[in-house]
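J.: Would you mind keeping the following structure in view while I ask a few things?
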Amino acid sequence: MKDSFGRAIDYLRLSITDRCNLRCIYCMPPEGVDWMPHNDVIRFEEIIRICRLMAAMGIRKIKITGGEPLVRRGAAYLVRSVKALPGIEKVTMTTNGVLLGEYIDALIDAGLDSVNISLDSISEDNFNRITRKENLAQILSAINRTCDLGLPIKINCVPLKGVNEGDIAKLAVLAKNGNMAVRFIELMPLGAAAALRPIPVDEVMSLLEKEYGSLSPAAVKPGNGPAAYYTLPGFKGYIGFISALSHGFCESCNRLRLTAAGFLKPCLSSDMYLDLRALLRGGVSDSEIEKAIAELVSRKPACHSFGGVQGRLNHSQKEMFRIGG
């Protein structure tokens, strides 16, 4: 499946809930949010049908996201069901790690290929400030257990000016002794994040090199997404950078996003979407759904619209937990 710019679209980020058990400052406002009504959330059987159709069209990799996907019961069942579909090569998950220790055995048994864990600080006070919760010990325990079980891990950190600069070097140490990747992701100016200041990847790289020595491009890329991976002297694992704003990678974008409401989006920043939930519940045939998906893919924008002040203003009302992290 290719878009109008010749990009092969083979990756679907799949949000299965807008709910979350943390309240991160770059994702939700302090007063909280109203969750979607239960009937508005796409059902597992609908998700499996969508994934089956999209696998036939060329989707090969599925990333299960939220909100926090593990707050939805049956996540391991969904992993197993999607992994069994013809054409699907990898099923991975992004989680905040709070419930990972409880479900990691079932997820591995279901065939999960790897897990991304969002973690912006290993300082308890700063973690509590960022997430507005107190679950750091629980998450670190889950990381250690997941490592022991051999499932590949990527730690995702969003560097924020005035918030967690002092945590960046400490987080990187997780990749020193553990066989994992620690990745630094530039803030996307969506919803609550629009009021915060990102730290560009170049600044993060300079900070790490000052602390640990020169970054060298990794010979092996431990992932299929847009991250650029490096090694540091004495580190077993990798350091990754995702720089959608300062060093865009739209020319190689291979992804679509399905929201928890069943809206298929060709680009994180775009208002364009296809209401797959309505098509599925309206009795539309598989061939008609495939045709609608192909039409949406053909309209995928050349690049995102996050750049500059106007981009921040345009996207300040969007909410990442509803779109899918």
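J.: With N set to the residue count of the stretch 13-112, report its C-alpha Rg divided by 2.2 N^0.38 Å to two decimal places.
T.: Rounded to two decimals, the normalised Rg is 1.11.
J.: On to the next question. Starting from the Cα-Cα distance between Ala278 and Asp34, subtract it from 0.36 nm times their residue separation and give me the gain in nm to one decimal.
T.: 85.7 nm
J.: Given R₀ = 22 Å, FRET efficiency for Glu290-Lys90 by Cβ-Cβ distance, to 0.05?
T.: Taking R0 as 22 Å, the efficiency between Glu290 and Lys90 is 0.50.
J.: May I ask for log10 I(q)/I(0) of the stretch 135-178 at q = 0.16, 0.25, 0.30, 0.31 Å⁻¹, from a Debye sum over the Cα atoms as equal point scatterers with solvent left out?
T.: So the normalised log intensities work out to -0.50, -1.02, -1.19, -1.21.
J.: Return the distance in nm (one decimal) between the two label points of a simple spin-label model at Arg132 and Ala195, each offset 7 Å from Cα along Cα→Cβ.
T.: 1.0
J.: Among DSSP beta bridges whose residues both lie in the chain, state the antiparallel percentage, nearest 5.
T.: 25
J.: What's the extension gain from Val173 to Asp148 if we count 0.36 nm per residue and subtract their Cα-Cα distance?
T.: Fully extending the segment from Val173 to Asp148 adds 7.3 nm.
J.: In nm, what is the difference between 0.36 nm times the number of residues separating Lys236 and Asp113 and their Cα-Cα distance?
T.: 42.3 nm
J.: Then there's this: Relative contact order, percent, of the chain when contacts are C-alpha pairs under 8 Å separated by at least 6 residues?
T.: Worked out over the chain, it gives 22 percent.
J.: With no other cysteine's Cβ closer than 4.7 Å, which Cys residues of the chain count as lacking a disulfide-compatible partner?
T.: Cysteines of the chain left without a disulfide-compatible partner: Cys20, Cys51, Cys147, Cys157, Cys253, Cys267.
J.: Using a simple charge model, +1 on the beta-carbon of Lys and Arg, -1 on the beta-carbon of Asp and Glu, nothing else, what dipole does the stretch 60-188 show about its Cα centre, in debye to the nearest 20?
T.: 420
J.: What distance in nm separates the two pseudo spin-label positions at Asp202 and Arg43, each 7 Å out from Cα along the beta-carbon direction?
T.: Placing both labels 7 Å beyond Cα along the Cβ direction yields 5.2 nm.
J.: What is the stretch 141-286's relative contact order, in percent, from Cα pairs under 8 angstrom and six or more apart in sequence?
T.: 19
J.: Over the stretch 112-181, what is the relative contact order in whole percent, taking alpha-carbon pairs under 8 Å and six or more residues apart?
T.: 43
J.: Per the Kirkwood formula on distinct C-alpha pairs, the Rh of the stretch 1-41 is how many angstrom?
T.: 13.6
J.: Under the Karplus relation 6.51 cos²θ - 1.76 cosθ + 1.60, θ = phi - 60°, what is the ordered set of whole-Hz ³J(HN,Hα) values for the stretch 121-129, x standing for Gly and Pro?
T.: Coupling constants for the stretch 121-129: 6, 10, 8, 4, 4, 6, 4, 4, 5 Hz.
J.: Please turn the phi angles of the stretch 259-269 into ³J(HN,Hα) values with the Karplus equation 6.51 cos²θ - 1.76 cosθ + 1.60 (θ = phi - 60°), one per residue in order, whole Hz, x for glycine and proline.
T.: With the stated coefficients, the stretch 259-269 comes to 7, 5, 8, x, 8, 8, 10, x, 7, 4, 8 Hz.
J.: When Cα Rg over 2.2 N^0.38 Å is calculated directly from the model, which label among [x] 1.03; [y] 0.95; [z] 1.09 fits?
T.: Structure-derived value, by its label: [y].
J.: Another question about this same structure. Tell me, what ³J(HN,Hα) does each residue in the stretch 231-238 have, in order and in whole Hz, if you take phi through Karplus 6.51 cos²θ - 1.76 cosθ + 1.60 with θ = phi - 60° and put x for Gly and Pro?
T.: The phi angles translate into 10, 10, x, x, 8, 6, x, 10 Hz.
J.: Long-range amide H contacts for Ser269: which residues qualify at under 5 Å (H placed 1.01 Å from N, peptide plane, sequence gap of 5 or more or a different chain)?
T.: Excluding prolines and chain starts, which carry no amide H, the hits are Ser305.
J.: Strictly greater than 20 Å: what percent of every Cα pair in the stretch 171-295 meets that?
T.: So the pairs more than 20 Å apart make up 57 percent of the total in the stretch 171-295.
A short reminder: the numbers here are calculations on the coordinates, not readings from a lab. As the structure is a computational prediction, the values presented were derived from the model and not from experiment. Backbone-built Cβ (ideal geometry, glycine too); neighbour counts: all protein chains shown.
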